[in-house]
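Student: Starting off with a structure, shown below.
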Amino acid sequence: MFDLKGKVALVTGGSRGIGKAIALTLGQLGANIVINYSRNMDAAQKVAREIEKTGVKAAVFQGDVADPDQAKELVNRAVEKFGTVHILVNNAGITRDTLIMRMKDSDWQEVIDTNLSGVFNCTRAVTRIMMKQKWGRIINMSSVVGITGNAGQVNYCASKAGVIGLTKAAARELGSRGITVNAVAPGFIETDMTDVLPAEIRESMLGSIPVGRAGKPEDVAAAVAFLCSDAAAYITGQTINVDGGMVM
Ligand code: NAP
């Protein structure tokens, strides 16, 4: 599909779901992969072993992207291991869904800290490295609900809308240095995150998808792979929906 041989890709939240599919896909395209995770070490190591079977190298580093120091340390460790970072996929994300009137301060803060500040923390940590090498790809995971809004998710929708604004501002700042910054907005993708949704919500979501099925993590990974490639050098500041037509 695309050639990423010799590139180094850091995927936050690469241990499960969409991040795992992205890590595997970029590895299949020839990149060495740094898999970041927060809690699930076994899952992350399993992904690394799977990637290494394809002949590239993989490293696993724990780190909470919401913590600026840990994000910095994560990037430093990636550089120590592989010499640089060419591709950053800011994929790590969480939900704490509930109605506004019941939402705790911690529900709000944890989601903003992980989904939005986490993107800022990791992006800031790679910027100097990418500017120096005059090449970089930053792909930020947003969501279609960051565009449409969704009841019961003010924290999550605010974080994902924020990611789109951050993406556009960073794209303007970094474009002249050979660095593109884009967002991907998945719709309803089958992962642990959506596994917890009640059956009636799943049914109603499925009914709103023109292609007639839920998305797979690999559907999102394919769009990310394209945005990482040289073929996408003239695309920056954009949000690409991967949602089977759910939002248009
Ligand atoms: P998931 O299956 O719940 O996986 C989340 C990943 O993020 C895990 O690898 C987890 O690592 C990691 N993570 C969570 N908090 C972290 C932190 N503070 N620091 C570092 N890593 C952290 O989620 P997913 O469905 O694959 O979602 C991936 C991304 O796509 C998220 O940004 C999500 O908001 C977005 N998205 C998903 C959907 C969907 O339908 N699934 C739709 C739109 C957007 P541990 O397991 O080690 O904690």
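Student: Looking only at residues in the stretch 160-194 that are farther than 16 Å from residue 240 by Cα and within 8 Å of the ligand (Cβ to nearest atom), which one is surrounded by the fewest Cβ atoms within 10 Å (Cβ to Cβ)?
Tutor: 192
Student: Restricting to the stretch 137-158, name every residue that is in contact (Cβ under 8 Å) with a residue 40 or more places away in the chain, more than 8 Å from the ligand (Cβ to nearest atom) and within 15 Å of the chain's Cα centre (by Cα).
Tutor: Selection gives 137, 138, 139, 140.
Student: Restricting attention to the stretch 202-248, which residues are of a type in the set (Val, Ile, Thr) and within 26 Å of residue 1 (Cα to Cα)?
Tutor: 211, 220, 224, 235, 236, 239, 240, 242
Student: Now for a separate question. Name the single residue, out of those in the stretch 22-47 being more than 22 Å from residue 1 (Cβ to Cβ) and buried (at least 22 other Cβ atoms within 10 Å of the Cβ), that is nearest to the ligand (Cβ to nearest atom).
Tutor: Out of the qualifying residues, it is 37.
Student: May I pose another question? For the stretch 85-138, enumerate the residues that are of a type in the set (A, V, I, L, M) and assigned to a helix (DSSP H, G or I).
Tutor: 100, 101, 111, 112, 116, 119, 125, 126, 129, 130, 131
Student: Report, by residue number, each residue of the stretch 125-136 that is surrounded by fewer than 21 Cβ atoms within 10 Å (Cβ to Cβ) and touching a residue at least 24 places away in the same chain (Cβ under 8 Å).
Tutor: Of everything in the stretch 125-136, those that are surrounded by fewer than 21 Cβ atoms within 10 Å (Cβ to Cβ) and touching a residue at least 24 places away in the same chain (Cβ under 8 Å) turn out to be 127, 129, 131, 133, 134, 135.
Student: Could you give me the residue pairs with C-beta distances under 7 Å whose first residue belongs to the stretch 54-68 and is in contact (Cβ under 8 Å) with a residue 60 or more places away in the chain and within 18 Å of residue 90 (Cβ to Cβ), whose second residue is near the ligand (Cβ under 8 Å from one of its atoms) and of a type in the set (S, T, N, Q) wherever it lies, and which are 6+ apart or on separate chains?
Tutor: Filtered contacts from the stretch 54-68: no entries.
Student: Follow-up question, since we're still on this one. Checking residue 211 against (1) crowded, with 16+ Cβ neighbours inside 10 Å; (2) among the hydrophobic types (A, V, I, L, M, F, W, C); (3) touching a Gly at 6+ places or on another chain (Cβ under 6 Å): exactly one of these is not met. Which one?
Tutor: Result: residue 211 fails condition (1) only.
Student: Among the numbered conditions (1) more than 9 Å from the ligand (Cβ to nearest atom); (2) not in a helix (DSSP H, G or I), tell me where residue 81 comes up short.
Tutor: Here residue 81 clears every test but (2).
Student: Still on this structure, I have one more. Could you go through the stretch 96-113 and let me know if any residue there is closer than 21 Å to residue 223 by Cβ and either in contact with a strand residue (DSSP E or B) (Cβ under 7 Å, 6 or more places away or on another chain) or within 11 Å of the ligand (Cβ to nearest atom) (or both).
Tutor: There is no residue in the stretch 96-113 that is closer than 21 Å to residue 223 by Cβ and either in contact with a strand residue (DSSP E or B) (Cβ under 7 Å, 6 or more places away or on another chain) or within 11 Å of the ligand (Cβ to nearest atom) (or both).
Student: For the stretch 1-20, how many residues are free of Cβ contacts under 8 Å to residues at least 60 places away in the same chain and surrounded by fewer than 24 Cβ atoms within 10 Å (Cβ to Cβ)?
Tutor: 2
Student: Right, another one. Is it true that residue 56 is at pLDDT 95 or above, β-branched (Val, Ile, Thr) and within 13 Å of the ligand (Cβ to nearest atom)?
Tutor: no
Student: On to the next question. Please work out which residue is nearest to the chain's Cα centre (by Cα), limiting yourself to the stretch 1-21 and to residues that are within 13 Å of the ligand (Cβ to nearest atom), within 12 Å of residue 58 (Cβ to Cβ) and not polar (S, T, N, Q).
Tutor: Looking at the filtered set, the residue picked out is 11.
Student: Criterion first (more than 30 Å from residue 99 (Cβ to Cβ) and small (Gly, Ala, Ser)) does residue 165 satisfy it?
Tutor: Against the criterion (more than 30 Å from residue 99 (Cβ to Cβ) and small (Gly, Ala, Ser)), residue 165 does not qualify.
The values are calculated or read from the model by the stated rules, or taken from the named source; none is laboratory data. Given the structure is predicted, the values throughout are model-derived calculations rather than measurements. Glycine also receives a Cβ, built like all others from the backbone with ideal geometry; neighbour counts cover every protein chain displayed.
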